[in-house]
Amino acid sequence: MAGARSIPLTELEAWAIEDMIRHTWTDEGRPVARGLLLKIFTLIREFDARRNDANAPGELPVVLTEDEFWAIDFHIRRGHVDPTGVRVGRELLVKIFARLLDIRTGDDMRRLKFVESDASENPEHLQRLRDLREQFRRSEEIGDDGAGA
């Protein structure tokens, strides 16, 4: 899924999203919120099911689309405080910003087009081009598996 990334969320972050984003939210006419909220409902249900486990996770991963990341950015403010008084906005937004920047960087890298020149042209330039392509390929692999952001 292009423009989608995995993000680990805490239970409080999941509840903040559920509290602030309504199921009717659309972005430029595209429905966004229902799909996002179904993912969040699943996370909350999983946190609830694991509540009494000895090794209950502090975060669970969820895959969100770029539109869903933007919806969270639109609705959650940096100073968002949950009903128990815990600040969750800033930490959640920092995670969201990292994923959005990762998506945009990946898009920018895919837009780069290199034209191979004839092999009779400068072989040093061809080698530098191959090295650069390899660097971009490795950067995308690191970013796609979540290790880069």
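FYI, it's all coordinate maths here, none of it is from the lab. Quantities reported herein were computed from a predicted structural model and do not represent experimental measurements. Glycine gets a Cβ as well: all are built from the backbone with ideal geometry, and neighbour counts include every protein chain shown.
Please give the charge dipole size of region 4-106, origin at the Cα centre, charges +1 on K and R Cβ atoms and -1 on D and E Cβ atoms. Round to the nearest 20 debye.
The dipole of region 4-106 has a size of about 120 debye.
Could you tell me how many cubic angstrom of Cα convex hull volume region 4-106 has per residue?
So the per-residue Cα hull volume is 96 Å³.
Karplus couplings for region 8-13 from phi (6.51 cos²θ - 1.76 cosθ + 1.60, θ = phi - 60°), rounded to Hz, Gly and Pro as x?
Per residue, the Karplus-derived 3J(HN,Hα) values read x, 10, 7, 5, 5, 5 Hz.
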